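Worksheet: the structure to be examined is printed underneath.
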Amino acid sequence: MILFDYCRSSTAYRVRIALNLKGMDYQQVPVNLVSGEQRGKDHLARNPQGLVPVLEDQGVQISQSLAICEYLDETYPQDDMTFMPDDSLGRARVRSLSQLIACDIHPVDNLRVLKRLVGELGASEEQKLDWYRHWVYEGFDALEMRLASDSQTGIYCHGDQISLADICLVPQVFNARRFNCDMSRYPTISRINDELLKVAAIAKAHPDLQPGG
């Protein structure tokens, strides 16, 4: 099993968490997004989008982090580590929370968007940071409200079992703190994130501990 990733990519971070939680053995191949390695012919052959992560397993290459996480959950089932609840409403809630982060916050704040803002549209560093924080705050305002007001929230985003929503949460909080977002506005998100970082498999996925940094 090979993971083509980049240490500070939120999406690759998600997959590292999932792989570690499943206890999978995998080889990491760094793809440096800053230097442009993702646009090289070798990586474009793996993923024509020129994005990470790409997981190679059983001779097949899979892209898109949420698809990879669900693939791992379905292909390597474990009674004590599943990323989805048993009930359909629970699964819908977890997917909804996951997509709030993965589809609504992350895509407008990722590296290629920020590089275009500065390099091609001429945004200043202050304007770039304002852009980034605006979308984090808009998404986290809604996420905090949902988590804080719902009895289904437990130690983690959905009850007391780590789910796909938690796998998405940790990288997004990491990046929010990296860009000096005011996380005091989000006590429930911060509490859940702090609990998740106590889990060894999640701590092991931290960007500072990866090759290619």
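FYI, it's all coordinate maths here, none of it is from the lab. Everything quoted here is computed from the prediction, not taken from an experiment. Cβ sites come from the backbone with ideal geometry, for glycine too, and all protein chains shown count toward neighbours.
Some values worked out for this structure:
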item	result
Around R185: net Lys/Arg minus Asp/Glu count, Cβ-Cβ under 9 Å	-3
Net charge dipole size for region 24-166 [Lys, Arg +1 and Asp, Glu -1 on Cβ; Debye, nearest 20]	700
Gained length - K41 relative to E125, 0.36 nm times residue gap less alpha-carbon distance	27.1 nm
Cα-projected label distance for Q152 with V60, points at 7 Å along beta-carbon direction, nm	2.8
D_trans [Stokes-Einstein, Kirkwood Rh over alpha-carbon pairs] for the chain, 37 °C, 0.692 mPa s, µm² s⁻¹	186
Calculated Rg and Dmax of region 72-159 using C-alpha coordinates, Å	17.1, 51
Charge dipole (debye, nearest 20) of region 88-200; +1 at Cβ of Lys and Arg, -1 at Cβ of Asp and Glu	300
Residue-span extension gain [N32 to L197] - 0.36 nm each, minus C-alpha spacing	56.9 nm
About the Cα centre, charge dipole magnitude for region 2-80 (Lys/Arg +1, Asp/Glu -1 at Cβ), debye	480
log10 of Debye I(q)/I(0), alpha-carbon scatterers only, for region 2-80 at 0.14, 0.15 Å⁻¹	-0.41, -0.47
Options H106, I189, W131, ranked by Cα towards positive dipole end of the chain, top entry (Cβ charges)	W131
Spatially near lysine pairs across the chain, Cα under 27 Å, sequence gap of 8 or more or different chains	4
Equivalent ellipsoid semi-axes, region 139-198, via Cα gyration tensor eigenvalues times 5, rooted, Å	18, 13, 9
